[in-house]
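In what follows, a single structure is set out as structure tokens and then discussed.
The values are calculated or read from the model by the stated rules, or taken from the named source; none is laboratory data. It should be emphasised that the depicted structure is a prediction, and the values quoted were computed from it without experimental measurement. Note: ideal-geometry Cβ built from the backbone for every residue, glycine included; neighbour counts use all protein chains shown. SASA here: full protein model, heavy atoms, side chains in, ligands and nucleic acids out. Shrake-Rupley method; radii C 1.70, N 1.55, O 1.52, S 1.80 Å.
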Amino acid sequence: MGTAGKVIKCKAAVAWEPNKPLSIEEIEVAPPKAHEVRIKILASGVCGTDSSALSTVLGDTKFPVILGHEAVGIVESIGKGVTEVKPGDKVIPLFVPQCGVCRSCKSPNSNLCHRNDMTKKTGLMEDNTTRFTCKGKPIHNFFCTSTFTEYTVVSELCIAKVGPQTPNEACLIGCGFGTGYGAAINTAKVTPGSTCAVFGLGGVGLSTIIGCKMAGASRIIGVGSHKDKFPKAIEIGATECINPKDYDKPIQEVIADMTDGGVDYAFECAGRIETMMAALQSTYFGSGVTVVLGVTAPTERLSLDPLLLLTGRSLKGSIFGGIALKVSNIQGGLELMAKKFNLDYLVSQSIPLEKINEAFALLKSGTGVRTIVLF
Ligand code: NAP
Ligand code: ZN
């Protein structure tokens, strides 16, 4: 291709500083180094975690930065030594890399590759440099992906190849859908006939509902504070939806009354300490499983009576639904997955990059499901 080996100038949404709107800028994207891949982004979802990074809830996000970690794109060029993909291949960037050799990658019980940047938060590629510059300044990378840009560069550890027919909404597989669906299937291992409660009806929450339904749960209670999202939650698989504001007692007591003492599985998809506690307390005392997916600020703490666990409940969490996408049994069928699960139904609106701040406003209000940026 004509651009291989050259710096590409393109548009990107740059977050120059925390809590300020993103700014659409012309940036330079350097060619991929060895074992890296430059990708032309086709679509990128705007996730609650992007919003948390911008508002510093994630802790020490390095600014200026190009956020975004849930995308689908086409390989534009490859660095030396890349064998997995070639220019023209369609890929989903992975915010959780897969080196294949670390303890997590070798274990069936974890997907959190040691070479991730979520825990280290360098905001850089593995050689401690960035491929992005804007107005003469280096711009940080986010979660090994940075997808709010027409072009990005990622490590070859951070890509899953998908079929050429994969639709744009399959970008959701790269975070929101993968996280929610995987949480039900992999992390909780929801069993047929079981009861579930899903707290927080955004992109992750609705995807969790889909996962619970696929696992055969007989009852799936959506818990949210925006009633206008209830019909969508029900269409996608919830058997009923409740709003804590409609009751004069704690929502966990309401759920216990509805389910003969509590649900088998609860999922926290809102990113709030109070909903984490409510989720835990809404599970059956003898065997309930609670999965925490929402992200809270590093200063926040869960404080709980150990008796809640001693009786038989368990509390766990997962990143990206425990999915190792490169080797997962859903790989190869990703485009089918997008069709099968009506991922387009999770997309509440599609916008051009110039309107990306509208997507952040929707996330902040809690009224949207998933906005995707189409390039
Ligand atoms: P989202 O679209 O913003 O959804 C969050 C939902 O929580 C909202 O739609 C809202 O729904 C509810 N909510 C309750 N209190 C809220 C408040 N004070 N502000 C905003 N929303 C509130 O976000 P998402 O993309 O689904 O992500 C959900 C959480 O999962 C976030 O914390 C995100 O960082 C985290 N996440 C984790 C992973 C992982 O790998 N573990 C991956 C992606 C995202 P209702 O009003 O209907 O309840
Ligand atoms: Zn995400």
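Observations on the structure shown:
- Rounded D (µm²/s) - region 1-89, Kirkwood Rh over Cα pairs, Stokes-Einstein at 37 °C, 0.692 mPa s: 227 µm²/s
- Inter-site label distance for Glu274 and Leu302 at 7 Å from Cα along Cβ, in nm: 1.8 nm
- Equivalent ellipsoid of the chain: semi-axes from √(5λ) of the C-alpha gyration tensor, largest first, are 35, 21, 19 Å.
- Evaluating kT/(6 pi eta Rh) at 37 °C and 0.692 mPa s, with the Kirkwood radius of region 1-154 over Cα pairs in the Stokes-Einstein relation, gives 210 µm² s⁻¹.
- Annotation: the antiparallel percentage among DSSP beta bridges lying fully within region 180-318 is about 0.
- Subtracting the Cα-Cα distance of Ala361 and Tyr345 from 0.36 nm times their residue separation leaves 3.7 nm of extension gain.
- Within the accessible area of the chain, the carbon and sulfur atoms contribute 55%, probe 1.4 Å, all protein chains present.
- When the Cα gyration tensor is reduced to axis lengths a ≥ b ≥ c, the ratio a/c is 1.5 or higher for region 93-157, and with a/b above b/c it is classed as prolate.
- In this structure, Glu84 and Asp248 have a Cβ-Cβ separation that, at R0 = 56 Å, corresponds to a calculated FRET efficiency of about 0.50.
- Using the Cα coordinates of region 180-318, the gyration tensor eigenvalues translate into equivalent-ellipsoid semi-axes of 19, 16, 16 Å, sorted from longest to shortest.
- Packing-based ranking, highest mean first, of 363-369, 190-196 given that Cβ atoms within 10 Å are counted: 190-196, 363-369
- The packing ranking, built from the mean of other Cβ atoms within 10 Å per residue, places the peptides 47-58, 241-252 in the order 47-58, 241-252, highest first.
- Accessible surface, per residue, of region 180-318 when the full set of protein chains is kept, probe 1.4 Å, Å²: 42 Å²
- More than 19 angstrom apart: percent of Cα pairs within region 181-232: 18 percent
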